[in-house]
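Below is one structure, written out as C-alpha cells, with a few remarks after it.
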Amino acid sequence: MSAVGFALAGFVIITAIATAMLRDTLAAIIVFAAYSLGMALFYTLLLAPDVGLTEAAIGAGVTTILLLVTIAKTTRPRAEKVFTAINCPAATLSVGLVAVLLFTVGSIPVENFLGEATPVTGAAGTPGESVTGHYLQSTYEQTGVTNAVTAVLAAYRGFDTFGEAVVVFAAGVAVVVVLHRGEFL
Amino acid sequence: MNEIRLGAIFVLLAGGVFFTFVSAVGVIRLPDVYTRAHTASQTDTLGAGLVVAAVVLAYGVETEVIKALLLLVFIFITNPTAAHAVGRAAYEEGIEPWTKGDERR
Amino acid sequence: MADHTHDPPPGGALLVPVGESVTLRQTVAYTMEIAAAEEISEVHFVSPVAWHDVGDVELAVRERTQSLLDRVSVWAEEDAPADAPTIHTAVIGAEEYLFSPDDYADILARYADERGIKRIIVDPEYSPGGNVPLLRPMEVALAVRGFDVIEAPASRPVRRSRLTRPGGIAQFGLLFGISFLFYQLLGGFVIVTGDSFDFFYELITGTITAGLVAGALYTVTLSNRIRLRTLGKQLLRLGLYVPYLVYEIIKSNILITTIILHPKLPIEPRMTRVRSAVWGGPALTTLGNSITLTPGTLTVRTEGQDLYVHSLFQSARDGVADGALERAVRFVFYGRRAAAIPTPRERGDYVELQGPNAESEPDAGAEADVESEPDAETEPVEEEPK
Amino acid sequence: MSGSDSIRPYTESEIIMTAVRIVAPFVLTYGLFITFHGADSPGGGFQGGALIGVVVFMLAFAFGIAPTREWVGSGLMTALAAGGVIVFVSVGLGTLALGGKFLEYGLYEPFLGPDATKWGMEAIEIGGVAAIVSGVIMALFFLTAAGYASQGGEDV
C-alpha cells in the first residue's frame, strides 16, 4: 500500500472513531459523511470503483441526508461534553472481535502451530485465489460481460442479489409500518 | 517536450494542492461562519480547477478530457451554490456576521 | 392520565407554552381570539426552561425568559376582549433536567393538571430546546397524556417558485437532445466508434434515458420563455465571459491567499446589499454565483433583484459596488448594448449594512429590514404554509 | 430574534433553485448511464438507483419537500419499489418456466439472440435493482421527512 493509502487508512480510522465518540449527533453525522468519503476514495484506491461509487452515493450522500432529516424530525440531544466516555469492556470486546476476525478470515498471515505461515485469503495457492482467477478468466466467455463485479452480482450470485434487493424493499416497507403510514408517502 | 509537459503538470498540481491547503488554513483562521464559507468554497474552486487542468494536460486529447472539463463546469455551478446555501442558512437562522473588533471567535 | 388536583376554572382555561419564535405574536393573538370567542376565564403562558447552562449563565437565561413572558402578557392584554380572562405567566422546569420531548411534555402536563387545564395551544414555530426540533414529538407526547392540543394557525409564510412551469414540445425536445448528447459523451461516443452491438445498445439506452430525463424534468428545467436563437447567443457570450471570470477568480484568489496567510489576518467583513440590474433565475444565478466564485465576496441571500453580499475586505466590496461582474452578466444575457450602465454605487443601489458606513440599524446585520415587496420580475410565487 | 409584529417570509433562494434546475437533468442522465453501463464499467443498479433517488432529494431541498412529494407522487415510488421486485422475480421465474434454473439467462437466447445473458443482467439491474433502490430511497426520504402519521403531520 502506498503512502496515500496509509494516509487514507489513518483518516478513515480517525473519522470512524470520532463518529462513535462524538456526543453531538449532528457532528457525528458530518464526521460520518467524511468517513464515507474517505472509504469511497479508499475503495477506488484498492481498484474497487464499483464499491467506491456505492459508498460515495449511499454512504456520503443518501445516508447523511436521511440521518439529517431524522434529527430534524426528532431531537438533537445537546451535549455538555464533546466526546463520550469510552466504555472500556465494550471497546476491549470490539477490538478483540476484530482481531479474531482478521486472523480467521486470513487477512493477516500468522504462523500456525506447525510453524508454517497460514496463507492470506486470495494469495497464490489458496482456494480464494482459484475462485478469483476463475471468475476473472471465464466471466467474459460465460456471460458476455466485461465487468466481473456485475457478473458475480447479477449472474453467479444472482439469487443472493435477489435476496439483497428484497431486503431493501422490506426495509422500505418496515419504515412505512413503523411510522404508521398506510402507503409509501 | 515531454519534460516541459511533466513540469507543467507538476506546477499545476502543486498549485492546486497549495490553494486547497490555504483554504483549509482559512477555515481554521477566519472568525465566523460567513468568512469561513468564503474560503471553504472559493479557494477550493481554484484548487480543483488547477488539478483538473493538470489532468487535461496529462491525458492529452481524449474523451476523458471532455469529461474533466465537464467536471470543472459542474464544480463551477455547484460549488458557489453550496457556499451560498451555507451562508443563506446562517442568515436565515439570524446569525450576525462577525465585524472587526468583535471578540467572538 | 390527567388526574385533577384542582377543579377546572369555570370558563375553562388555556395553556400556551411560549419561547422565542417568529410566530409568537400571532400565536398570542390567536389564543386571545379563542379566549374571547369561548369566554375562557384563564390563560396561562408558560415558558419551560431547561437549565443546561449552569453557573452565572443561569441568571441571564432566567432574566431573558422573564422579559419574554412580560412581553407576551403585554401583547395578550392588547388583544384582550372586554371581559378579559386573567393572564398568568410562569417559568417552569427550572429545577429539572429537560432533555427529550417527553420531559417537556411531562412538566407542561404537570402544570396543566395542577390547574385543571385541558387544552393546550402550541406555536407552530416554537422549539423548546433552542435549535432542537422537538415540537412534533412534544405534541404527540401531550396528546397521549390526554390533552386537547391545538396548533395555532400561525405560520411563517413561504414564497417560492413553482417546481414545474408550463412547457411544450420545444422544451421536451431540447432537453431530450441535451440529455442524449450528455449520455453519449459519458460513453465516450462508443456509438460512433464501436461495433454494431455498441451502436444499437447506446442508441437504445440513450434514447430511453433521454426520454426518461426529458419526460421527468422538461417542465422543471426549462421555462416556456426560452427562444433557441437567444439561448444560442447567450451561450456564445457565456463562452466569452468564462475566461474573464477565470481571470477574476485567479486574481482575487491570490489576494485572499495573502490575506489568509498574513499573520495579522487583515479582514474587515461586512454585509452589503446590492440591487442588481439583472432579473430572472439564470441571470441572477450567474451573477450571484460569479460573486461567490470571486473570493472575498459571498452571496448570502437573494430577494427579488436584491443580492445580500457578504464581503471580506474593502477592495472586494469596491468590486461589487463598481459592478464589473454585473456589467459582464448583463452582456451575457442581454447583449452588448445592455452592458453600458451606471455602476450600482452611482445608481444608489449599493448599501452597506454593517460597519461605519452602515445604512440603517447598525447592529441589525442579520435581522436588517428585509421585508420583501412582491417583485414583478421574479418568478411566479405561491403562498403556502411552511 | 425579537418579536416583531410582521413576519419575514421564508423565501427559497433563486440561486439554489436555478442551479438545481440546471444540474438535475445531468445527474439523472448520469444515474441512468451508470445503471445501463454496469456490465462494462463500474456501476450498476445500486449506484445508479441511488443517483436517481438523489435527483429527487435535490429538488426537495430547493423547492421544498411537500411540493416535491406531490410532484413525484406516491404511486411512482410504490410502482418503482414493488415493480422492481416483480421484474426481478419474473426474470428469474421465466428461466424456471423454460426448464432451467433461477436466473439462468442463457435460456433466453432464442428470444434475445446470443447476448441474452447480458440483456438478462441488464433487465434485473435496471428493471429490478435500480427501480427498487431509487423507489425505496425516495420513499424513505419522504417518509422520514413527514414524520408520524398519527399526528396528522402532513406539513413538512
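A compact table of results
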{"quantity": "Computed over chain B: relative contact order in percent, which uses C-alpha pairs under 8 Å that are six or more apart", "calculated": "31 percent"}
{"quantity": "Furthest towards positive pole of dipole, D:ILE126, D:PHE36, D:ILE16, structure part segment D:14-146, Cβ charges", "calculated": "D:ILE16"}
{"quantity": "15 Å cut-off, amide nitrogen to a point 7 angstrom out along A:PHE159 Cα→Cβ, residues in segment D:100-124", "calculated": "D:100-105"}
{"quantity": "Cut-off 10 Å between beta-carbons: net charge of the residues surrounding A:TYR43, Lys and Arg +1, Asp and Glu -1", "calculated": "-2"}
{"quantity": "Length added when fully stretched, D:ALA97-D:GLU109, from 0.36 nm per residue minus Cα-Cα", "calculated": "2.9 nm"}
{"quantity": "Backbone N under 18 Å from the B:PHE18 label point (7 Å along Cα→Cβ), restricted to segment B:48-85", "calculated": "B:48-55"}
{"quantity": "Positive-pole candidate from C:VAL309, C:VAL278, C:HIS262, dipole of segment C:228-361, charges at beta carbon", "calculated": "C:VAL278"}
{"quantity": "Taking A:VAL131, A:VAL69 and counting other C-beta atoms within 10 Å, the order from fewest to most", "calculated": "A:VAL131, A:VAL69"}
{"quantity": "Positive-end residue, chain B charge dipole about Cα centroid, Cβ charges, pick of B:ALA85, B:ALA37, B:PHE10", "calculated": "B:PHE10"}
{"quantity": "Computed magnitude of the charge dipole of chain D (debye, nearest 20; Cβ of K, R +1, Cβ of D, E -1)", "calculated": "80 debye"}
{"quantity": "10 Å Cβ neighbours from other chains, averaged over peptide D:69-81", "calculated": "3"}
{"quantity": "Inter-probe distance in nm under a simple model that places probes 7 Å from Cα toward Cβ, at A:LYS81 and A:MET21", "calculated": "1.1 nm"}
{"quantity": "Fewest-first sequence of C:ARG327, C:ARG162 by Cβ atoms within 10 Å of each Cβ", "calculated": "C:ARG162, C:ARG327"}
{"quantity": "Charge context of C:ASP79, other residues only, Cβ under 10 angstrom, K/R +1, D/E -1", "calculated": "-2"}
{"quantity": "Dipole magnitude (debye, nearest 20) for segment A:1-80, charges at Cβ of Lys, Arg, Asp, Glu", "calculated": "280 debye"}
{"quantity": "Cut-off 13 Å between beta-carbons: net charge of the residues surrounding C:PRO243, Lys and Arg +1, Asp and Glu -1", "calculated": "+1"}
{"quantity": "Order by protection proxy (mean Cβ within 10 Å, highest first), peptides C:38-46, D:32-40", "calculated": "D:32-40, C:38-46"}
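Every number in this text was worked out from the coordinates using simple rules, so none of it is lab data. Only a predicted model underlies this, so the values are computations on that prediction, with no experimental measurement involved. In this analysis, Cβ positions are derived from the backbone assuming ideal geometry, glycine residues included, and neighbour counts consider all displayed protein chains.
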